[in-house]
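Below is one structure, written out as structure tokens, with a few remarks after it.
The values are calculated or read from the model by the stated rules, or taken from the named source; none is laboratory data. Since the structure is predicted, the reported quantities are computational estimates derived from the model, not experimental observations. Neighbour counts are summed over all protein chains in view; Cβ atoms, including those assigned to glycine, are modelled from backbone coordinates with ideal geometry. These area figures cover heavy atoms from the full protein model, side chains too; ligands, DNA and RNA do not enter into them. Shrake-Rupley method; radii C 1.70, N 1.55, O 1.52, S 1.80 Å.
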Amino acid sequence: MTPTAQLALAEDAQNLLYREARTANTFTDEPVTDEQLASVYDLVKYGPTAMNQQPLRILALRSPESRARLLAHMSEGNRKKTESAPLTVVLAADVDFHENLPELFPHFPGARDMFAADELSRVETARFNSLIQVGYFITGVRAAGLAAGPMTGFDAAGVDKEFFPEGRTQSLVVVNIGRPGPDAWYPRLPRLAHERVVTTL
């Protein structure tokens, strides 16, 4: 039996989310709607995070003015594709996620105060769990039939000062979203085989 057949997800869905999905570097001018973005979030919000923290925050940049503010902080190689993408989002971590724990994790009444007392641990777990959610988000974009172009080549401190001056939110990844345009992909790079990654004891 093939590895594909071992999975409950239909093969065409497996291909859409993983095997045929690529990081896009060019996009068409077809808009990405608010409804599409909402549908992506309404799917990926169910991905697990530690203590149901859900620290990911999403800033959608649509206006030319907001895009220009971001471009000033992008690395040179990421500016052109960010300028031309139908939608760009900044995925960030809410380091004060603990304020929502009485609602999100009600069976542990002390959770909020535990994180309030340890800022270093709170920031670390916020960033870690937000990055987990970044993975869910990219898969959700693919599930919508769109291409994602995630990038970490930007001045995070500059982006935070520009868009999150209150200090509660820390940028992690910038993602361009849309329909892939001409020459959108680089050649597919190799992937490590199962036996090089998985160890069974």
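The figures follow:
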| quantity | calculated |
| --- | --- |
| Highest-fluctuation residue, Leu71, Leu146, Leu189 considered, GNM on the chain with Cα pairs under 10 Å | Leu189 |
| Under DSSP loop assignment and at most 10 Cβ neighbours within 10 Å, longest trypsin sites (Lys or Arg not before Pro)-free interval of the chain | 1-187 |
| For the chain: relative contact order, % (alpha-carbon pairs under 8 angstrom, 6 or more apart) | 34 percent |
| Linear extension gain, Ala10 paired with Ala117, 0.36 nm per residue minus alpha-carbon span | 33.9 nm |
| Heavy-atom accessible surface of the range 76-201: percent carbon and sulfur, 1.4 Å | 56 percent |
| In the range 76-179, GluC sites (Glu not before Pro) in a DSSP loop with at most 14 other beta-carbon atoms within 10 Å | Glu166 |
| Check: the range 1-83 dipole with +1 on Lys, Arg Cβ and -1 on Asp, Glu Cβ, in debye | 420 debye |
| Calculated volume of the Cα convex hull per residue in Å³ (choose from (1) 114; (2) 91; (3) 173), label | (3) |
| Top positive-direction residue, dipole computed over the range 11-100 with Cβ charges, set Thr49, Leu61, Leu71 | Leu71 |
| Theoretical gain in end-to-end length, Tyr186 to Leu104 [0.36 nm per residue, Cα-Cα removed] | 25.4 nm |
| Surface per residue (accessible, 1.4 Å probe) for the chain, Å² | 58 Å² |
| Shape call, the range 147-201: gyration tensor on alpha carbons, a/c limit 1.5 | oblate |
| Antiparallel bridge percentage (DSSP; both residues within the chain; nearest 5) | 95 percent |
| 19 Å Cα-Cα reach of Lys45 towards aspartates and glutamates, excluding residues that sit fewer than 8 places from it in its own chain | Asp34, Glu35, Asp94, Asp96, Glu99, Glu103 |
| Net length gained if the chain between Arg168 and Asp34 were fully extended (0.36 nm per residue, minus Cα distance) | 45.8 nm |
| Size of charge dipole - the chain - debye, nearest 20, with Cβ of Lys, Arg +1 and Asp, Glu -1, no other charges | 580 debye |
| Only Lys, Arg (+1) and Asp, Glu (-1) charged, at Cβ; the range 88-147 dipole about Cα centre in debye | 360 debye |
